[in-house]
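Okay, structure first, notes after.
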Amino acid sequence: MSDSTNQNQYSADSIQALEGMEHVRMRPSMYIGDVGVRGLHHLVYEVVDNSIDEALAGYCDQIRVTINEDNSITTEDNGRGIPVGLHKKEGVSALEVVMTKIGAGGKFDKDSYKVSGGLHGVGVSCVNALSSSLQATVYREGKIWEQQYERGKALAPVAETGTSDRNGTTVTFKPDPEIFKQTLEYSYDTLAQRMRELAYLNKGITIVLTDKRTQDDKGEDLSETFHSKEGLSEFIRFLDQTREPIIGHVISMEGDKNGIPVEVAMIYNTSFSENLHSYVNNINTHEGGTHLSGFRRGLTTTLKKYADNSGLLDKLKFEIAGDDFREGLTAIVSVKVAEPQFEGQTKTKLGNREVTSAVSQAVSEMLENYLEENPNDAKTIVQKVILAAQARHAARKAREMVQRKTVMSGGGLPGKLSDCSEQDPARCEVFLVEGDSAGGTAKQGRDRNFQAILPLRGKILNVEKAMQHKVFENEEIRNIYTALGVTIGTEEDSKALNLEKLRYHKIVIMCDADVDGSHIATLILTFLFRYMRELIESGYVYIATPPLYLVKKGAKKSYAWNDDQRDRLIQEYGQGSNVQRYKGLGEMNAEQLWDTTMNPEDRTLRQVTIENGGEADRIFSMLMGDEVPPRREFIEKNAVYANIDA
Ligand code: 0RA
């Protein structure tokens, strides 16, 4: 580097810096959440967040993210470039401090507006610590500067390597196999979802994602460009693309309230579900928090006032509840908070008190204006709210029936449930099984100590298209509530779940491995996602994976879960091997079902997770809603292995 750093001092300083870096390598989960698929992808988000910061500060509008052939990642931006001058306190280049010192954060002057910052906001040095190799290139003030690192250690001082008339930072890193033992393979779809989300949340930025591992017919790399001119209102249209709007426009606003940047967008559709998505500093706050409370408060007070004044409520014999204003609502709230306090189980609940009134005021102003200017839409919304209130009234009776049955434990369990003898929920499993005959086999095959069986009749109700009271009146669904022991519903939030009496910590969906079976599994998942989302978020929901084939020869037999495995077995067994295709669970006997699908020693359970709330919502509404073409497209695209990640 050009600053006169002497070699000895360089070494002394880097020893200090390494202490924090060693800690990252010792306890990576503390910094990036986990060392599985999520953590692996988090590395990319961490670097991109720095580029987004540059964009928010007004210096950058282009970001490129490339998955290289070897699963290393290159990110490039056209920001100012990480400073390369001498960092007085550390005695080395600022670039080296940013890359090798934990907590340096990057921005040295406290005034600079840092709001982005990843789930844990740990900075790019953390990515460096967890990479077997990393190269940083800075384009700044007419010159190019470079430094290389291995497992967070600089290999040499920053070097000036050329001239350039552009500005920006390029980082290439390869996640360390010593840290990421589960997988090193990047998922294009996962990165694409996050880049799309970032583009909507930060309008005006262009993000190009390229996958050098995948080419089309013309030999071009798989690539997508994400850019949003309008931000959240476009995001709403994307999320709601398979739902039918009931008002003319997306209602949206963007502004500063008490020094807090607030953006809100919402629309009403013909569905019965409520879809609220909230973000703080570009982080999806799954557990909500003060900004979401502010949104609800602003929405409820403003609509209530408007409805009261409209005279439309005069004939209504009961009160309207908070819930009623949110049926068929899709909304996004995004705030930027300088010092966010995150609370809750997964640290995704905003705690800052001051944010509630900021968002509530913003929403009230936005809505008042819209209702004033669009009287027809206003009337449509109020009528929808009244319908929701009436339906809720009807639903209450049905719900109280569920409640009464659930609360009375002992005699209250559904007759179809074959319960287990173990009492400790942490050790209990319940299999939701399609059809009575498969249910019978499962009942014989299970270990009755800790495995319970609940057979479900044929196709369960598609809750995506049903009003709430129909859902609560449905017998199969009521059986699920009672069997699981979860109770529901306060007047404010009719779907609020109480998991205190949950009777099983593994809820396993077990369906045939064919199209019908997948459909039924999806129906059950849709129900769980819309009505028991906490179960999924707590990691209690699983999908069983029964085999597709039995390959036999003489006394030898093996199971296969896909065609490849089957073919390999046939080859292994040679002439005279016999293949049986299982069309359904019912074709297996109890022992086979236990061996392949239920025995904890050998089975594969796929845990259901929600990678991305907006994407999950969009996919469920598409899969279970009215429009056929997007559903067909999705199914065709994902035909081999429809992993909807939700
Ligand atoms: C430290 C200070 C400044 C910018 C950055 C770091 C920075 C980091 C990254 C990481 C990826 N892209 C980045 N772009 C910038 C402020 C720069 C200044 O004051 O000139």
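The values are calculated or read from the model by the stated rules, or taken from the named source; none is laboratory data. All figures in this text were calculated on a predicted structure; none of them were measured in a lab. Positions of Cβ are backbone-derived with ideal geometry, glycine not excepted, and every protein chain shown enters the neighbour counts. These area figures cover heavy atoms from the full protein model, side chains too; ligands, DNA and RNA do not enter into them. Shrake-Rupley method; radii C 1.70, N 1.55, O 1.52, S 1.80 Å.
Condition check for Ile381 on (1) over 21 Å from Leu535 (Cα atoms); (2) assigned to a helix (DSSP H, G or I); (3) modelled with pLDDT under 95: one failure, at (3).
Does Val115 qualify as being open to solvent by less than 50 Å² (accessible area, probe 1.4 Å), within 11 Å of the ligand (Cβ to nearest atom) and at pLDDT below 95? Against the criterion (open to solvent by less than 50 Å² (accessible area, probe 1.4 Å), within 11 Å of the ligand (Cβ to nearest atom) and at pLDDT below 95), Val115 does not qualify.
Exactly one residue out of Leu198, Leu222 is crowded, with 20+ Cβ neighbours inside 10 Å, at pLDDT 95 or above and touching a helix residue (DSSP H, G or I) at 6+ places or on another chain (Cβ under 7 Å): that is Leu198. Within the range 82-95, being open to solvent by 10 Å² or more (accessible area, probe 1.4 Å), near the ligand (Cβ under 9 Å from one of its atoms) and touching a strand residue (DSSP E or B) at 6+ places or on another chain (Cβ under 7 Å) holds for one residue alone: Ile82.
Listed by first and then second residue, the pairs with beta-carbon distance under 6 Å, at least 6 apart or on different chains, first residue in the range 490-507 and modelled with pLDDT under 95, second open to solvent by 60 Å² or more (accessible area, probe 1.4 Å) and assigned to a loop (DSSP other than H, G, I, E, B), are Ala496/Thr490. Please indicate, with yes or no, whether at least one residue in the range 96-111 is away from the ligand (no atom under 11 Å from the Cβ), modelled with pLDDT under 95, open to solvent by 30 Å² or more (accessible area, probe 1.4 Å) and at positive phi. Yes; the residues of the range 96-111 include at least one that is away from the ligand (no atom under 11 Å from the Cβ), modelled with pLDDT under 95, open to solvent by 30 Å² or more (accessible area, probe 1.4 Å) and at positive phi. For the range 336-356, the tally of residues that are open to solvent by 20 Å² or more (accessible area, probe 1.4 Å), more than 17 Å from His277 (Cα to Cα) and part of a loop (DSSP other than H, G, I, E, B) stands at 6. Filtering the range 445-477 to residues that are crowded, with 20+ Cβ neighbours inside 10 Å and part of a loop (DSSP other than H, G, I, E, B) leaves Arg446, Ile460.
For (1) at pLDDT below 95; (2) open to solvent by 20 Å² or more (accessible area, probe 1.4 Å); (3) part of a helix (DSSP H, G or I); (4) on the phi < 0 side of the Ramachandran plot, each residue gets a yes or a no:
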site	(1), (2), (3), (4)
His23	yes, yes, yes, yes
Tyr31	yes, yes, yes, yes
Asp34	yes, yes, no, yes
Arg38	yes, yes, yes, yes
Val44	no, no, yes, yes
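For Leu550, indicate whether it is assigned to a strand (DSSP E or B) and either open to solvent by less than 70 Å² (accessible area, probe 1.4 Å) or of a type in the set (Gly, Ala, Ser) (or both). Yes.
When the range 507-519 is filtered for residues that are open to solvent by 10 Å² or more (accessible area, probe 1.4 Å) and under 20 Å from Ala616 (Cα atoms), the ones remaining, listed by number, are Ser518, His519. Restricting attention to the range 241-257 and to residues that are touching a Lys or Arg at 6+ places or on another chain (Cβ under 8 Å) and farther than 30 Å from Arg353 by Cβ, the residue that is least open to solvent (accessible area, probe 1.4 Å) turns out to be Thr242. Across the range 49-61, the qualifying residues are those that are within 8 Å of the ligand (Cβ to nearest atom) and not in a loop (DSSP other than H, G, I, E, B), and the one among them that is surrounded by the fewest Cβ atoms within 10 Å (Cβ to Cβ) is Asp53.
Which members of the range 158-187 meet the condition of being crowded, with 17+ Cβ neighbours inside 10 Å and more than 16 Å from the ligand (Cβ to nearest atom)? Within the range 158-187, Lys174, Pro175, Asp176, Ile179, Phe180, Tyr186, Ser187 qualify. Against the conditions (1) over 23 Å from Asn68 (Cα atoms); (2) within 16 Å of the ligand (Cβ to nearest atom); (3) in contact with a helix residue (DSSP H, G or I) (Cβ under 6 Å, 6 or more places away or on another chain), Ile205 satisfies every one except (1). The residue pairs whose first member lies in the range 72-84 and is touching a residue at least 12 places away in the same chain (Cβ under 8 Å), whose second member is near the ligand (Cβ under 6 Å from one of its atoms) and of a type in the set (Asp, Glu), and whose beta carbons are closer than 7 Å, counting only pairs six or more residues apart or on different chains, are Asp77/Glu54; Gly79/Glu54; Arg80/Glu54. When residues in the range 258-284 are screened for being crowded, with 21+ Cβ neighbours inside 10 Å, under 14 Å from Leu329 (Cα atoms) and under 17 Å from the mean Cα position of the chain (by Cα), 3 of them pass. Count of the range 62-77 residues, restricted to those that are more than 14 Å from Asn282 (Cβ to Cβ) and within 13 Å of the ligand (Cβ to nearest atom), is 8. The requirement of being open to solvent by 60 Å² or more (accessible area, probe 1.4 Å) and under 22 Å from the mean Cα position of the chain (by Cα) is satisfied by Glu287. Got at least one residue in the range 407-417 being in a helix (DSSP H, G or I) and either at pLDDT below 95 or surrounded by 20 or more Cβ atoms within 10 Å (Cβ to Cβ) (or both)? Yes; the residues of the range 407-417 include at least one that is in a helix (DSSP H, G or I) and either at pLDDT below 95 or surrounded by 20 or more Cβ atoms within 10 Å (Cβ to Cβ) (or both).
Considering only residues that are of a type in the set (Asp, Glu) and in a helix (DSSP H, G or I), look in the range 298-335 and name the one that is farthest from His469 (Cα to Cα).
Across the range 298-335, the extreme among qualifying residues is Asp308.
The condition of being at pLDDT below 85 and either polar (S, T, N, Q) or open to solvent by 20 Å² or more (accessible area, probe 1.4 Å) (or both) holds for Arg632. Quick check: is even one residue across the range 288-297 part of a helix (DSSP H, G or I), closer than 25 Å to Gly33 by Cβ and of a type outside the set (A, V, I, L, M)? Yes, the range 288-297 has at least one match.
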